[in-house]
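The values are calculated or read from the model by the stated rules, or taken from the named source; none is laboratory data. Since the model is a prediction, treat every value here as computed from it, not as a measurement. Every residue, glycine among them, receives a Cβ derived from its backbone with ideal geometry; neighbour counts consider all protein chains shown.
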Amino acid sequence: MTPLASSFRALAVALVLVASVAHADTLRRFALVAGNDEGGSGTRPLRFAREDARKMHALLLRLGGVAPGDAKLLLDEESRDFLAALAELEARAREAQARGERTALLVYYSGHAKDGSLRLGDSRLPFEDLKRRLSGAPADIRIAIFDSCRSGALTRTKGARRAPAFEIESGAARDARGLVILTSSAADEDSQESDALRGSYFSHHLASGLLGDADRSGDGRVTLFEAYSHAYARTVADTAASTAGAQHPTFSYDLAGNGDLVLTDLRASGEGLLVPGAAPPGTYYFVDPGGMVVAELDKAADVERRVALAPGTYRVKRRLPDRLRIGEVQVQRGRAAVLEEARLRDAPFSDDPVKGVARDGGAWWTLGFSGTVQSFFDAPTRDTLFLSVGLLGVEAQLHDYFREDWVWGVDAAVGGKQAVLALPTLAGPGYRYSVASLGTTLTSEWPKGSLAPFVGARMAYLMMRRDFQDEAFPDQKFAMFSPGLVAGVRWNPLPRLHVTGRARAHFFQYTVDEQRSLGYWELGALVTYQP
Amino acid sequence: MRHLALACLCLAAAACGGDFSNDDLEFLNALPQREDLAVKLSAASEGRSGGGLTTRKDGLVVRLGEASRVSGDTDKTGREFNGAVDGLLSLLENIRNSSPTSREPDRRVWGPFKDKDHPRFDVRFVMERRELRFDYRLEYRRTGEGDDAWWALLMGWFQADAGIRKGVGALSLDVKRATEETFPVGGLFTLDRLDIDYQTKALPTRVEMAFTPRGSLTEPTRYMYREAAGRLGEMRFTLPDIDLVVGGRLEDVALTTRWAPDGRGMGVLEVLDGDIKGAKYTECWNALGRVTFLARSWDFFNPTEGDRGSCADFSALDE
């Protein structure tokens with residue numbers, strides 16, 4: 001394709017957009033947004049599918065012209081719930097059509113897809129059934145966006161084309177009617193998530209584009225084609241160097257008539273951030289207080305750009321070859337803030353406000369506190385020698401370093417209690433029993449959604465001592481290495497918070513009075529934070 | 001790399017083990033401590049002026065309100081009693097402060113060690129257990145001799161009855177054997193044996209000490225200490241050749257003194273032989289050690305003085 005041809009196509013798209021604007025205001029929009037981290041057997045849980053759905057739902061309500069009552073958000077729901085919600089929106093669309101309104105139905109799904117079906121938890125929704133359903137849906141325009149592995153199979157049978165190589169019939173004057181399907185990856189590709197972005201590449205760039213980065217025309221509106229071409233280019237670029245290889249979103253349409261569809265109106269809510277034309281060109285990143293990149297903006301010289309950020313405080317970052325330019329901007333409700341270059345300052349790369357620096361698919365670590373109950377199996381031993389005690393400790397874990405889903409941890413814990421000795425010929429001396437434990441554990445996890453059962457092995461070094469109040473009895477101590485097994489479940493209720501429940505069983509060789517093979521168990525809970 | 005692994009293994013092995021042992025505690029519990037055997041004199045008697053046995057030669061001429069000589073005798077004898085106990089138990093101090101050298105299910109051995117105080121001798125301490133009874137021996141041998149050369153300077157046993165050092169026991173010092181082995185015995189050379197029997201499992205507790213003089217030329221000198229509930233104490237001992245009253249003979253007397261924690265006390269002196277054989281003298285004193293009551297069985301005209309009601313209640317020691 002020559003540069004001239006490319007420019008012509010861009011112009012054609014722009015003309016289409018202009019034509020569509022007049023209709024956007026009269027279009028009744030319905031949205032079904034679903035996210036499911038689970039994909040049932042044979043799949044690994046996703047980390048950000050639900051979060052992607054939440055973000056997309058909020059964005060459509062705020063900027064996409066979708067009334068709250070016309071939107072459905074499904075998180076971790078199954079296919080029957082998905083179809084039920086779709087049926088409800090279809091019914092409403094049908095009623096709206098009966099009243100003469102033009103209607104659009106947008107379906108967004110982030111989650112698993114495999115073997116020709118969407119995988120909503122343990123349930124499945126075959127691609128063909130869904131396509132048939134969407135094709136017959138009572139809305140003038142049906143837009144389906146699938147951010148899932150191998151979702152390109154949805155477009156393969158109907159002229160899937162890789163953007164920006166799609167074409168629009170520019171000669172037609174009537175409104176577009178029909179079905180458009182966007183998928184995050186080709187039929188033989190996985191869709192990739194990013195720890196740094198805390199979402200999938202595709203959904204992140206789609207959302208970022210809808211917030212303004214995709215508004216190449218600068219008219220304050222982001223059309224479906226703008227959003228898609230933006231998401232395509234950025235997704236391919238970001239995933240090109242990944243171990244899984246480049247991910248190529250796909251696009252298909254079956255439209256009668258012509259015309260693009262405005263997906264978001266950047267001025268709809270009034271609030272946002274204006275980047276003046278005088279601001280230096282480059283890529284701007286807008287980071288929320290949690291360190292997450294909410295939007296990006298690729299700004300050209302002397303072009304004013306607008307990013308429809310929600311009210312809040314953001315850190316702004318622009319990367320230069322040798323340093324960063326960073327600053328803070330406040331977006332107030334209903335008002336557009338202006339980014340002033342003078343309020344940015346130079347900063348070294350080490351001050352990058354973007355968190356989540358873990359390599360995608362790479363190792364990550366956690367640090368936390370534990371509470372454990374330790375008790376020996378042998379009753380006389382736990383009554384008179386090594387007592388049952390509670391332990392408090394700290395623990396650090398390294399995930400996915402040696403191998404995916406393997407966790408290596410190191411831990412230290414201390415505990416103790418007051419006790420009174422009761423032996424056959426000696427009862428009554430009071431003493432304090434103390435235990436200190438150092439351990440290292442290697443476990444293998446089987447993540448299932450937010451839960452990850454695990455088993456593994458542990459080597460502990462136990463140090464026990466007892467200090468008698470009566471000086472007639474000497475303080476005593478004992479130390480021994482202790483191999484053991486561990487099993488439990490790690491729960492990930494929040495993106496960086498992990499709660500683990502576990503049980504351990506250890507072998508323990510006692511060597512003082514006699515050689516005795518003992519064993520003890522531990523039940524514990526661990527709360528860790530992923531920095 | 002192989003050396004590193006070996007070093008790590010050695011380090012790990014060195015970091016294992018310890019002295020965490022219930023049996024050790026039970027063995028140690030069989031050894032008496034000073035608080036089990038020593039006479040617990042009343043705190044009020046500390047620094048109190050009083051006579052000793054030597055002043056007794058002036059006879060029993062005591063008046064109400066004067067310092068009780070019996071009280072003074074008791075304190076002095078109690079301190080001597082405790083000195084003997086301390087001397088005996090000092091031999092066991094090193095055992096308490098170190099872990100056994102070898103452990104078997106019913107046997108512990110400390111040593112053998114070179115005896116720093118007696119360079120020509122090795123020393124070891126052996127304890128054996130049979131159910132609730134523990135036997136122990138402090139043994140010596142000349143350095144370089146074999147296992148059959150060990151001889152016991154100190155022997156003891158303890159029948160445990162649970163509780164902290166609660167039970168019945170005895171220990172003895174075989175000075176005669178030590179002398180035969182040319183083992184330095186210091187100030188004990190006048191003795192053949194020193195024996196202590198005790199029971200601490202129930203009140204009143206009892207500690208009995210017997211000094212057997214060298215050559216057994218005279219009867220052993222015996223002291224007995226008992227302690228009852230309420231920290232009431234009692235000592236019994238005999239005193240030979242005391243000139244209690246004017247007459248041609250000296251008296252052998254048995255003295256029983258009892259005292260309360262507040263310092264009050266009672267002494268009963270029975271004449272075993274002499275001019276007034278069979279006579280009995282009783283004296284009570286207050287917290288200041290001053291006589292409040294006295295009774296002389298041989299004095300027909302003035303058998304008692306003072307108020308008998310001023311005497312403390314020591315019935316807990318009558319069991």
* **Residue that is surrounded by the most Cβ atoms within 10 Å (Cβ to Cβ), among those in region B:141-185 that are within 21 Å of B:R214 (Cα to Cα) and of a type in the set (S, T, Y)** => B:S172
* To do: Could you pull out the residue among A:R318, A:R335, A:R305 that is within 19 Å of A:R221 (Cα to Cα), outside the structural domain of A:E51 (by TED's automatic domain parsing), at pLDDT below 90 and buried (at least 19 other Cβ atoms within 10 Å of the Cβ)?
  => A:R305
* The one condition in (1) touching a Leu at 6+ places or on another chain (Cβ under 8 Å); (2) surrounded by 18 or more Cβ atoms within 10 Å (Cβ to Cβ) that A:P68 fails to fulfil -> (2)
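Among the candidates A:A457, A:A419, which residue alone is under 40 Å from the mean Cα position of the chain (by Cα), assigned to a strand (DSSP E or B), among the small types (G, A, S) and more than 9 Å from chain B (Cβ to nearest Cβ)?
Exactly one residue qualifies, and that residue is A:A457.
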* **Residue tally, condition among the charged types (D, E, K, R) and buried (at least 16 other Cβ atoms within 10 Å of the Cβ), over region B:202-221** => 2
* To do: Being under 24 Å from B:V185 (Cβ atoms) and basic (K, R) is the filter; apply it to region B:118-134 and report the residue that is farthest from the chain's Cα centre (by Cα).
  => B:R120
* Structure fact -> Flagged in region A:386-425 as over 30 Å from A:W446 (Cα atoms), touching a Leu at 6+ places or on another chain (Cβ under 9 Å) and either among the aromatic types (F, W, Y) or without any contact (Cβ under 8 Å) to a residue 12 or more places away in the chain (or both), in numbering order, are A:F386, A:P424, A:T425
* Asked: Are any of the residues in region B:249-263 closer than 26 Å to B:G65 by Cα, among the charged types (D, E, K, R) and surrounded by fewer than 18 Cβ atoms within 10 Å (Cβ to Cβ)?
  -> yes
* In region A:509-531, what residues are of a type in the set (A, V, I, L, M, F, W, C) and either within 25 Å of A:D76 (Cβ to Cβ) or at pLDDT 95 or above (or both)? -> A:L518, A:W521, A:L523, A:A525, A:L526, A:V527
* To do: Please find, within region B:169-195, the residue that is modelled with the lowest pLDDT out of those that are of a type outside the set (D, E, K, R) and in a loop (DSSP other than H, G, I, E, B).
  => B:V185
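Across region B:243-270, what is the total count of residues that are in a strand (DSSP E or B) and over 24 Å from B:V39 (Cα atoms)?
Residues meeting the conditions: 1.
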* Given the conditions (1) surrounded by fewer than 22 Cβ atoms within 10 Å (Cβ to Cβ); (2) in contact with a Ser or Thr (Cβ under 8 Å, 6 or more places away or on another chain), and given that A:A113 satisfies all but one, which numbered condition is not satisfied? -> (1)
* To do: Keeping to region A:380-416, report how many residues are within 15 Å of A:W365 (Cβ to Cβ) and within 14 Å of another protein chain (Cβ to nearest Cβ).
  => 0
* To do: Could you tell me whether A:F473 is surrounded by 15 or more Cβ atoms within 10 Å (Cβ to Cβ), within 11 Å of chain B (Cβ to nearest Cβ) and part of a strand (DSSP E or B)?
  => no
* Taking only pairs six or more apart or across chains, which ones have beta-carbon atoms under 6 Å, a first residue in region A:505-531 that is in the same structural domain as A:S482 (by TED's automatic domain parsing), and a second residue that is surrounded by 20 or more Cβ atoms within 10 Å (Cβ to Cβ) and in a loop (DSSP other than H, G, I, E, B)? -> A:V512/B:F20; A:V512/B:S21; A:D513/B:S21
* To do: Restrict the check to region A:482-491 and report whether at least one residue is over 28 Å from A:Q530 (Cα atoms), within 13 Å of another protein chain (Cβ to nearest Cβ), part of a loop (DSSP other than H, G, I, E, B) and not hydrophobic (A, V, I, L, M, F, W, C).
  => no
* Asked: Hey, among the residues in region A:510-523 that are surrounded by 14 or more Cβ atoms within 10 Å (Cβ to Cβ) and not β-branched (V, I, T), which one's nearest to the chain's Cα centre (by Cα)?
  -> A:L523
* Asked: Say we look at region B:13-28 and pick out the residues that are within 14 Å of B:W110 (Cα to Cα) and more than 7 Å from every other protein chain (Cβ to nearest Cβ); which of these is surrounded by the fewest Cβ atoms within 10 Å (Cβ to Cβ)?
  -> B:D24
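Going through B:A44, B:A67 one at a time, which residue ends up being at pLDDT below 85 and more than 30 Å from B:S172 (Cα to Cα)? Please lay out each step first, then the result.
Working: B:A67 fails: at pLDDT below 85.
Only one candidate passes the filter, namely B:A44.
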* Asked: So B:K116 fits all but one of (1) without any contact (Cβ under 8 Å) to a residue 40 or more places away in the chain; (2) surrounded by 16 or more Cβ atoms within 10 Å (Cβ to Cβ); what number is the exception?
  -> (2)
* Asked: Somewhere in region B:62-82, is a residue under 21 Å from B:G156 (Cβ atoms) and surrounded by 14 or more Cβ atoms within 10 Å (Cβ to Cβ)?
  -> yes
* To do: Looking only at region B:124-168, count how many residues are small (G, A, S), within 12 Å of chain A (Cβ to nearest Cβ) and either under 21 Å from B:A84 (Cβ atoms) or part of a strand (DSSP E or B) (or both).
  => 2
